[in-house]
1. Listed residues 51, 45; which is within 21 Å of the chain's Cα centre (by Cα) and either modelled with pLDDT of 90 or more or away from the ligand (no atom under 16 Å from the Cβ) (or both)?
2. Among the residues of segment 21-44 satisfying the criterion of being free of Cβ contacts under 8 Å to residues at least 60 places away in the same chain and assigned to a helix (DSSP H, G or I), which is surrounded by the fewest Cβ atoms within 10 Å (Cβ to Cβ)?
3. Select from segment 310-350 the residues that are under 19 Å from residue 180 (Cα atoms), more than 16 Å from the ligand (Cβ to nearest atom) and touching a strand residue (DSSP E or B) at 6+ places or on another chain (Cβ under 7 Å) and list them in ascending order.
4. How many residues are assigned to a helix (DSSP H, G or I) and either within 16 Å of residue 171 (Cα to Cα) or more than 16 Å from the ligand (Cβ to nearest atom) (or both) when one looks only at segment 219-262?
5. In segment 45-76, what residues are surrounded by 18 or more Cβ atoms within 10 Å (Cβ to Cβ) and over 30 Å from residue 381 (Cβ atoms)?
6. Given the conditions (1) surrounded by fewer than 20 Cβ atoms within 10 Å (Cβ to Cβ); (2) closer than 19 Å to residue 249 by Cβ; (3) not assigned by TED's automatic domain parsing to the domain that holds residue 284, which single one is not true for residue 88?
7. Looking only at helices (runs of 4 or more DSSP H) that fall completely inside segment 295-395, which ones have 3 or more residues that are more than 27 Å from residue 14 (Cβ to Cβ)?
8. Does residue 284 fit the bill of being surrounded by 18 or more Cβ atoms within 10 Å (Cβ to Cβ) and at pLDDT below 95?
Ligand code: PLP
C-alpha cells in the first residue's frame with residue numbers, strides 16, 4: 001500500500017522544544033514517573049495566574065464573541081496595540097497597521113509566508129527561538145544564522161551579520177529580550193542593526209514578546225522606534241507578560257517605511273483573511289491587559305517572584321562545576337554552557353535524555369536553538385524557589401557524575 005508521507009516542505013523544519021525528548025518525557029509520565037518539565041515557557045502551570053481583570057473581561061465578552069471578527073482583529077484590541085507602540089515612540093502608527101493573531105506563533109508564520117520566495121535569505125540569531133528558523137524554511141526561504149556572542153552578554157555580532165548579507169538577504173530577525181539567552185539589547189546595538197537594514201534594504205522583524213520581563217533595571221527599546229525610514233514588523237502578545245499563553249493572543253505591527261511595503265502588506269491581508277480571524281473571546285483581553293494594572297512589574301521587582309527565581313537559577317547553575325551561565329536580563333530562561341571536554345560530551349541531546357532518565361527533569365539541548373558550536377542547555381525558571389532549588393541540586397548531582405566518554 002502506498003504510504004502517506006509528509007511533504008518535502010517539512011524536510012528542513014525542526015521544532016525540538018516539543019520534540020523527541022519531550023515525547024520520551026510523556027512516555028515516562030505514562031509509566032508513572034513524575035517529571036519536572038523545565039522545557040517550555042508556559043507560566044500558568046507554575047502558579048503564575050493571569051490578572052483577574054483579564055479573566056473577568058473574557059468571561060464578560062464571551063456571549064457576544066460568537067461570530068467571526070474582522071480578519072485583522074477587533075477594533076478595541078487594535079487601538080490598544082496601536083496606543084501601546086505609540087507610547088514606545090513608534091511614529092506614524094495607525095490602527096490599520098495592527099494585526100491580531102492566534103499568538104505570536106501564527107503571526108511569525110504569516111509574516112514569513114507573505115514575504116519569502118524560494119531561496120530568499122533571512123538573517124536569524126543563533127541561538128534562536130526555533131520557530132523563526134522553522135517558519136523561514138516552511139515558507140521556502142533560507143535561514144542564515146548570525147552569531148550572538150556569549151562573551152558579549154549574547155549580543156548579536158555585527159561583523160558576523162555583515163559578513164552574511166548577500167544579494168538574496170531580505171530581512172533580519174531580532175528577538176529582544178531574547179529567548180533563549182535572556183539578553184536585552186542596548187539602544188547602541190539596535191542602532192547598528194538599523195544602519196545595516198537601511199544600507200542593505202532589509203526588513204526588520206522584531207519579536208518582543210518578553211518586552212515587559214526585565215530585571216535589574218534593564219531597559220527595553222523597541223527597535224521600530226529607532227527606524228522611521230526602515231520597514232519594520234514588530235511582534236508581541238499576551239502569553240508571557242500577562243501569563244495567558246493558552247489564550248493564543250498576539251499581534252503584529254507594521255511601521256516605518258510602509259510605502260515600499262504596500263504589496264507585502266496586501267499579502268498579509270490575504271493571509272489574515274484566509275484564516276478568518278483570531279480567537280475572538282481572547283481578543284477582548286488585549287485592551288484590558290495593555291490598559292490595566294501591570295502586575296508583571298510586581299513579579300520582576302527586587303523581591304518579585306520571577307526575579308528571585310532568576311537569581312536562584314542563575315546562581316545555582318553557576319555553582320555547578322563545569323556549568324556556566326550568563327545572568328539573563330530578561331525573559332524566563334537560563335541558557336547554560338556545559339564544559340564539553342570535562343564531561344566528554346559528543347551529543348547534547350543524549351545529555352538531556354540522560355538527565356531526564358536519571359533525575360526526571362526535562363530541559364532543552366542547545367542545538368534545538370540552532371546553535372551548533374559548544375554544548376548548552378536551556379532551563380525555564382518558572383517554578384517556585386522551593387521546587388527550583390532541589391531541582392538544581394539534582395542537576396548538579398547529575399553533572400558531578402556524568403561523562404559520555
Ligand atoms: N516568540 C518567542 C521569542 C517565544 O519565546 C515564544 C514562545 O515561547 C513565541 C514567540 C510564541 O508565543 P505565542 O504564545 O504568542 O505564540
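The values are calculated or read from the model by the stated rules, or taken from the named source; none is laboratory data. Fair warning: this is a prediction, and the values are worked out from it, not measured in the lab. No Cβ is skipped: glycine too gets one built from the backbone with ideal geometry, and neighbour counts run over all protein chains shown.
1. Details: 51 fails: within 21 Å of the chain's Cα centre (by Cα).
So the residue among 51, 45 that is within 21 Å of the chain's Cα centre (by Cα) and either modelled with pLDDT of 90 or more or away from the ligand (no atom under 16 Å from the Cβ) (or both) is 45.
2. Applying the filter and picking the extreme gives 30.
3. 313, 314, 317, 318, 323, 324, 325, 336, 337, 338, 348, 349
4. The first filter runs over segment 219-262 and keeps only residues assigned to a helix (DSSP H, G or I), leaving 223-226, 245-247, 258-262.
Keeping just the survivors that are either within 16 Å of residue 171 (Cα to Cα) or more than 16 Å from the ligand (Cβ to nearest atom) (or both) gives 223-226, 258-262.
Going through segment 219-262 one residue at a time, the tally reaches 9.
5. Within segment 45-76, the first condition is being surrounded by 18 or more Cβ atoms within 10 Å (Cβ to Cβ), and the residues that meet it are 46, 48, 50-51, 54, 57-58, 61, 69, 71-74.
Residues satisfying the conditions are 61, 69, 71, 72, 73, 74.
6. (3)
7. On the way: elements: 296-300, 305-318, 348-359.
Because the criterion is at least 3 residues that are more than 27 Å from residue 14 (Cβ to Cβ), the helices (runs of 4 or more DSSP H) in segment 295-395 that meet it are 296-300, 305-318.
8. On the way: surrounded by 18 or more Cβ atoms within 10 Å (Cβ to Cβ): yes; at pLDDT below 95: yes.
So residue 284 fits the description; yes.
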